[in-house]
Structure formats: C-alpha cells, structure tokens
Amino acid sequence: FEMINAFALVTVSFGVSFQVGLLGSCSMSFPASGAALAYIEIDIVASFTPASGLLAVDGRLNPASYIYGGFIHLSGGFAFYIWFGATQHTGEDDHKGQFVVSIGGYHPAFDKPLYYPTVPRLAMSAGLGPLQITGQAYFALTPAMMMAGISMTATWSSGPIKAWFSAGVDFLIAWAPFHYEASAYVTIGCSVNLGLFTLNVHVGAALAIWGPEFGGKATVDLDVVSFTISFGAPPSTPPPINWDTFRASFLPPDTTPKQQPQLRAMTRRTARAAVRAPDPLVTVNVIKATVAKGLLGTYDGDNWLIDPDHFVIDTNSSIPSNIGQWTITGGVDTISPNVSSYGKVDADGLFLDLPPSTFSPQQVWNPNLDIGPMDQKGVKSYHTITLLRVDSNTLVTGLSVMPILLNSNAALWTAKNDQKTANDPPLTNSTLVGFEITPIPQHPDQVSNVPLLALLFDPGSSTGFSYQTATVDPNFTVQATTDAQGDLTIAISGAHSESIVNTGNELAALVDPWVAGQRTSLLTDLAASFDTYAPADVSLTMMAQKALMNWPTTELLGADS
C-alpha cells in the first residue's frame, strides 16, 4: 500500500577477511498522505564475517519516531547476534554456540558480557502541559534464560502542588525446567509547598512473585508504617522432569516423509497395477550423518556412493556425548579422549586427528555431562559409529576421525541449579557432538614404483623451491681470468690471499691447505643430511677423472642458473 519506504545498501569487502554487510533504513507513515498519526523510522546494520563466525544485526529506532500525531515520541534499539564459530583462529571460537536476541536491553541484574551488543531501552515519552509521562521496556533471550521488563513514570505539577506515579516489573524466566521470578514496584506520591514547609505524602509497594507454584510477597510502605504480606505457595525449586517431557520440549522431533505409492507388480494380461503403500520411514533427527564432500550419488534408497579418496562424512547429535566409540569386528573400539593419543594410528587402524581446539591440554572433549532439567548427574552418553560397505556388509576401520566439538546449552547439559540468576553461565564448553570421518592422510615416497621426487621435478611441476638473494661475504674478493693458452687463474684476496694457477683440468686450488680446510668443514656438514663425498675422497686425480671433465663455471652461491 506504499506505506513503507526503505533503502538498503549491500556491501562486500575483500582483503584480510571477507565480510558481507547490509546498511539500511526504513520508514512508515500512517496514513501515507496527509497529517500522519504515526511515523516510525528504523536504521539497520547487519554483517556476516566468516573469519570470526559472527552474524550480527543491529537496529535503532530513530528518535524522530512518534505516535498519536507527535504526542508520544519513541526511541530504542534491538539486536540479534549469533556465533557460528570462526573459519580461522581469531579468538572468537570461545563464543561458538552463543546467541542473544535483545529488544531494548537486558535485566537490571544481568552482567552483560563485553562481546554482547549494547542495546538502548525501548522508550516512550509524552508531555501535555503539566503532565509528563515516560516509559521503558525490554526483552532479551540468551542460552540461559529469558528476561523482560517494563516501567512507567508520570509526574504532574501545577504551582506548589506536585504528584507522581511510578511502576515497573522485571521478569526472569528459565525454561529448563520452567521457572520464573519477578519483582515489581508501584509508588504514588504528592507534595505541597506551603511556603514555610513542604508536605510530602507517598504510598508504595514492592512485590516479589515466583512460580510455579505461584506465590509471592508484597511490602507496603504507607510512609508512616510499612508491612509485608505473603501469599500463595512458598519459594520452592521446580521438580525434575522425565525423559519423555525433556525430549518433547528440547530435542528435535522425528519426522515421517510423505508416502508415495509404489508399483509392486504388473502382468501382461491387465493394465492395472497393484499399488502398495510402503512402510513409513521415520527420520531420527536427534542424530544424523551427512556427506559434506565427495558424494557421487545414491542408490537403493539412502545408500551413498562416495569418492573413496576425497570424502568427508560428518556425524552430528543434538545430545552431547562424553564417550566415543567405533564398531569393529567383535565389538567396539573406544575412541580415546586423551590428547596424547592423537596424530597417529591406533591399534584398530583408526587415525586420530586432533581438532583445532580442545577442552584442556590433556582432554580432547568435556568429560562431564549432566542433564539439569532431569536432575541427572554424571551421565554417560555414547556416540557410536558403525561404518559398513554395502556390497560386502563388512566393517570399515582404516579411516581418519576428528572429534567435532561445540559449546552446548548449559541450561540443559549441566547440573541442576536451584538458585538461578541472571548471570548463570550460558554454555558448557567443548562438548562432543560428532565426528568428521575422512581418508587417512597418505605421504608416499613413491607412486607405482616411480619415486615421488621424479614426479615432483618433472617439467611443469612446482616444487615449492624459490631462490634467495645471494649473501655476499665481504671478507673475500674472488677474481678469475683465462689467458690465450687456456690457463685459468683464480685470485683470492681479503681474509685469505692466494693466487693459484690451474693447468689442464686439474684445479691446484683443491689441494691448497686453506681451501682444503674450508672444504672439509662444508663436506662434514653436508654429510649429516646428504650422500656426498667425504673430505678424504677429494683429490686432484679423483676430480680430474670423475667430477671435473671441463672447466667449471664460477657463479655466486644460490644464484639462479
């Protein structure tokens, strides 16, 4: 209806990191023409940075917004942040699994982490002569709990008389199991300036409620006296829930795909086909396995056809585990949680690949697991992998496995906390949620009886070698000249001065005592890593017959020929 005007600018930046951003604003007037009863203007900034794994959306309600023809002015903001995990190590991995949704900020008792967005309160203000009204509200959702609140203040003044009213309520709501606490207040007061003195009268009440079961207490302040009234059930911890309730409330449900009729048989004598509805195929969504790379196709239902040399299979579970297992012939192999066991092949042929970060220097994943809503402590949760070849129904073990770790919701997977607060830890770190399965990395010395170096150094192949700038030794100056008879003269000046005449293919410099000493030092160092001549093997005769069949080319060491 042409009521909303919007502008949006998408930005993409390259360089040190890749980032996609959205800058925009939108405004709405009601009605669209003529005097506006309401005008709302919102500015939005959104960005996604793969390097830090952060999706961030921030918005602000422009102070120019109003309702009721400008009588009530609006302001405030909102934010949605979610941390997926960094694609490279940036220090943001500690926040993986975190999320926050906030409209107007947080509970007054909430100690906001530094990496959470700062969000101004949703506020309204109105003024009509001596009457001034202000109000604020907020809502926030974190992995630990939900918080919400609203407050309002009204003042009226006329000459020596002033009256005021204020009220507010703040909620903390936990859902594992469901529990809420709220604090509310209301104050009514009046003051009259009589010249010689001012008469003040006020009445107030503070209310605290909790549940379930519902109960609370109210403290009433009548200026001259105050008293407390209790009502409903006394404070109590919520009872634990059972597994069926936990699964229905907090785990993804199983799904059954729509059924398609299948042709069972058809004869030559009739064109009618017998139709049979297949048995329902229930998909269990709590735990899954997917081919992240190397899937060539499927056959006979959900059987995978994968590239045996380049594949990645990921398993994932909504329930964290603290014991990993791999099925082998005759039983199961426990996948070690100890960091020291990784980077090598275990006794059953599994190559244990260490993830980028671990729970501790000794433990790969978090060994502690509790189910708080069920009040279960020290739970053992098994993540067992069975990999079969469809054609032979044989177990496969010669693969590489890397644990997949995730920070899980602390409200579900830590011990029950009877005294919940706004600052309870939102996540339990480095829980095991699956494994990445890949081929074992191979580093062969030869391929099909052809030495690997021969393949690497073939024309057109890149060896990764690059020449460096030669380092000039300022202690020596070497000059080489050849006369008409073909005699080569090498003159060395500097720290060692020598002029040696070499005749034929024999280099007299080879037996010079100083040169022999330098050569011995070099050959000794080379022999530590290379198969080369020993110092005693080098002589004029050997060099003339085996090595120096022509005059050598003099060139700086390391120069590209």
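In the range 514-561, what count of residues is obtained for those that are touching a strand residue (DSSP E or B) at 6+ places or on another chain (Cβ under 6 Å) and modelled with pLDDT of 60 or more?
2
Counting just the residues of the range 194-247 that are open to solvent by 90 Å² or more (accessible area, probe 1.4 Å) and aromatic (Phe, Trp, Tyr), which one comes out farthest from SER183 (Cα to Cα)?
PHE197
Kindly list the number of the only condition in (1) under 27 Å from ALA411 (Cα atoms); (2) part of a loop (DSSP other than H, G, I, E, B) that fails for HIS179.
For HIS179, the exception is condition (2).
Within the set of pairs 6 or more residues apart or between chains, which connect a residue that is assigned to a loop (DSSP other than H, G, I, E, B) inside the range 218-244 to a residue that is β-branched (Val, Ile, Thr) with Cβ atoms less than 8 Å apart?
Hits for this filter: LEU222/VAL203; ASP223/VAL201; ASP223/VAL203.
How many residues does the range 303-354 contain that are of a type in the set (Ser, Thr, Tyr), open to solvent by less than 40 Å² (accessible area, probe 1.4 Å) and without any contact (Cβ under 8 Å) to a residue 40 or more places away in the chain? Steps first, please.
First, pick out the residues of the range 303-354 that are of a type in the set (Ser, Thr, Tyr): 315, 317-318, 321, 327, 329, 334, 336, 340-342.
Right, trim to open to solvent by less than 40 Å² (accessible area, probe 1.4 Å) and you get 315, 317, 321, 327, 336, 341-342.
Cutting the leftovers down to without any contact (Cβ under 8 Å) to a residue 40 or more places away in the chain gives us 336, 341-342.
So the count comes out to 3.
Go through GLY460, GLY464, GLY434, GLY504 for me and flag whichever is at pLDDT 65 or above and either open to solvent by less than 70 Å² (accessible area, probe 1.4 Å) or within 60 Å of the chain's Cα centre (by Cα) (or both).
Working: GLY460 fails: at pLDDT 65 or above; GLY464 fails: at pLDDT 65 or above; GLY504 fails: at pLDDT 65 or above.
Sole residue among the options that is at pLDDT 65 or above and either open to solvent by less than 70 Å² (accessible area, probe 1.4 Å) or within 60 Å of the chain's Cα centre (by Cα) (or both): GLY434.
Quick check on this structure: which one of THR153, THR142, THR118, THR134 is surrounded by fewer than 15 Cβ atoms within 10 Å (Cβ to Cβ) and of a type in the set (Val, Ile, Thr)?
None of the other options fit; the residue is THR118.
If I filter the range 62-82 for residues that are modelled with pLDDT under 85, more than 28 Å from ILE150 (Cβ to Cβ) and surrounded by 17 or more Cβ atoms within 10 Å (Cβ to Cβ), do I get at least one hit? Don't jump to the end; show me each part of the working.
First, the residues of the range 62-82 that are modelled with pLDDT under 85: 62-74.
When the remaining residues are screened for being more than 28 Å from ILE150 (Cβ to Cβ), the result is none.
There is no residue in the range 62-82 that is modelled with pLDDT under 85, more than 28 Å from ILE150 (Cβ to Cβ) and surrounded by 17 or more Cβ atoms within 10 Å (Cβ to Cβ).
Any idea which of ALA184, ALA174 is assigned to a strand (DSSP E or B) and touching a helix residue (DSSP H, G or I) at 6+ places or on another chain (Cβ under 8 Å)? Steps first, please.
Values: ALA184 fails: touching a helix residue (DSSP H, G or I) at 6+ places or on another chain (Cβ under 8 Å).
On inspection, the qualifying residue turns out to be ALA174.
The values are calculated or read from the model by the stated rules, or taken from the named source; none is laboratory data. Predicted model, so just to flag it, every value in this text is computed and none were measured. All Cβ positions, even for glycine, are placed from backbone atoms using ideal geometry, and neighbour counts span all protein chains on display. Accessible surface is based on the protein model in full, side chains and every heavy atom, while ligands, DNA and RNA are left aside. Shrake-Rupley method; radii C 1.70, N 1.55, O 1.52, S 1.80 Å.
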